[in-house]
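Everything below concerns the one structure shown next.
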Amino acid sequence: MKTGSIYSASDKALFEALNQPKVTRSDLRQLFMSRGIVVSHQTSREALALHFSRLMHDYNDFQLLARLFGTKARTERIASFRVISKAKMQNFETAAHAVIEQIKKEDDSATMSYQKDGTLQISVRYKTMHFDKSEFKQIVNKSAIITVETSGKDLVLRGPQNDKVDGWCRTLLSNVEAQVDGVLEIDEISLENEPLPSVRSKFFADLINAMSGFKRHDVTDVYVFKPKVKIKELDESEESDPKDVQLGVHISRASLRGEGVLQSAELQTLAQRGFYISKIIWQATRNSEIDSDLFEFEAQFSEPETCTKFSYLPRGYYGYMGPNEYAVSRTQCTLEEDRELSKLIEAAARSSLPANSQGIARKLTSTKKRPAVSAKKSVDESSDASLEESQAATTK
């Protein structure tokens, strides 16, 4: 669906926007100069906003204010799919062209290119709408890079973890599946088959120590989760045990922040109560450098109850200032560093999976929902078959 200018902002919305601190005096002068009006420094902001809101406004005015109030997109976590099939990179290139055409139809832009190492890269610039915000803050400009690269005999698909990019990735895989006339198998990092809380927490503890070339410095944030126990429905003939009656109080999420969180007594207490780690933020230094910067990483399961939809993010680094001394502010990594660190996190996560969860692939087609019509048809057919059987039994 195209998400352009759905409506024009009202004079009230314009007046309120011009009174915000984000709109400087210079911005106000620019708006009035576009009308050939010179404003005085002594004129109050409220008077200028009131006068300008009464004028006729056009697309350029709205775009200027939208840029001033636009929400800055946050760096998103990365998700990956390991594709197990006979598909080649040429199949993904052909499928990528179709996805790019679909993206362009949505008034977004996308390009495709090959990197020096043979990685196929799809660069997308798109907009998302947030209708719960004010008129000039509803549109958020975002960018995404989807990559396909060879990893051994398989191909790995990576991209930001959000619904829109996930939809493009699923479409890309479906297009490839149609070309090879076979079912694609998708291998994702998941602990869905590991229900024990201790096993799920151990995965994160192993992950932060398994990054090749890095030594763990500290764990700063830990998010834990405890699924709500489903109460079994009783038949009318059964009586409930007073001991099984619950008071309706259930704490499912908790977070710990500080230094040495992983060894804290608070985390151990939560673990004894059935909580397990679903998200972790840790810091590490490079083994090969004495004066290494302090890097910060993040990993989590976006669906903590089932421990699925794994994603990760190199958050940046704190510059080295001296022995055990680092910069206060965090610096973003370069694009090349992001790619290198992302691969290391993913490799550490796969090596930290329990034996029961390694190498488990699922078919791509199994994730597609069947149309409601087909489901209804199957029900009707089964009902007709049962009716015919009963009629035959009656005749006999």
Query raised in the report: Can you tell me which of Ala110, Ala95, Ala49 is more than 30 Å from Glu185 (Cα to Cα), in contact with a helix residue (DSSP H, G or I) (Cβ under 6 Å, 6 or more places away or on another chain) and outside any loop (DSSP other than H, G, I, E, B)?
Result: Ala49
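Per-residue answers, yes or no, for (1) of a type outside the set (A, V, I, L, M, F, W, C); (2) outside the structural domain of Ser302 (by the TED database); (3) within 30 Å of Leu64 (Cα to Cα):
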| residue | (1), (2), (3) |
| --- | --- |
| Asp108 | yes, yes, yes |
| Gln121 | yes, yes, no |
| Val124 | no, yes, yes |
| Gln138 | yes, yes, yes |
| Asn141 | yes, yes, yes |
| Ile145 | no, yes, yes |
| Arg158 | yes, yes, no |
| Leu172 | no, yes, no |
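Just to be sure, is Ala348 outside the structural domain of Gln115 (by the TED database), buried (at least 18 other Cβ atoms within 10 Å of the Cβ) and in a helix (DSSP H, G or I)?
Working: outside the structural domain of Gln115 (by the TED database): yes; buried (at least 18 other Cβ atoms within 10 Å of the Cβ): yes; in a helix (DSSP H, G or I): yes.
The answer is yes for Ala348.
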Query raised in the report: Which residues, taken from the range 316-341, are part of a strand (DSSP E or B) and either polar (S, T, N, Q) or in contact (Cβ under 8 Å) with a residue 60 or more places away in the chain (or both)?
Result: Thr331
Query raised in the report: Can you tell me how many residues in the range 257-266 are touching a strand residue (DSSP E or B) at 6+ places or on another chain (Cβ under 8 Å) and within 16 Å of Asp206 (Cβ to Cβ)?
Result: 1
Report summary line: Among the residues of the range 282-314, the number that are touching a residue at least 24 places away in the same chain (Cβ under 8 Å) and either in contact with a Lys or Arg (Cβ under 7 Å, 6 or more places away or on another chain) or buried (at least 21 other Cβ atoms within 10 Å of the Cβ) (or both) is 21
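Residue-by-condition table, conditions (1) surrounded by 13 or more Cβ atoms within 10 Å (Cβ to Cβ); (2) modelled with pLDDT under 85:
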| site | (1), (2) |
| --- | --- |
| Met1 | no, yes |
| Asp11 | yes, yes |
| Asn19 | yes, no |
| His41 | no, no |
| Leu48 | yes, no |
| Phe52 | yes, no |
| His57 | yes, yes |
**Report entry** strands (runs of 3 or more DSSP E) contained in the range 138-251 and holding at least 2 residues modelled with pLDDT of 90 or more and over 24 Å from Leu341 (Cβ atoms)
**Finding:** 214-225
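The values are calculated or read from the model by the stated rules, or taken from the named source; none is laboratory data. Since the model is a prediction, treat every value here as computed from it, not as a measurement. Glycine gets a Cβ as well: all are built from the backbone with ideal geometry, and neighbour counts include every protein chain shown.
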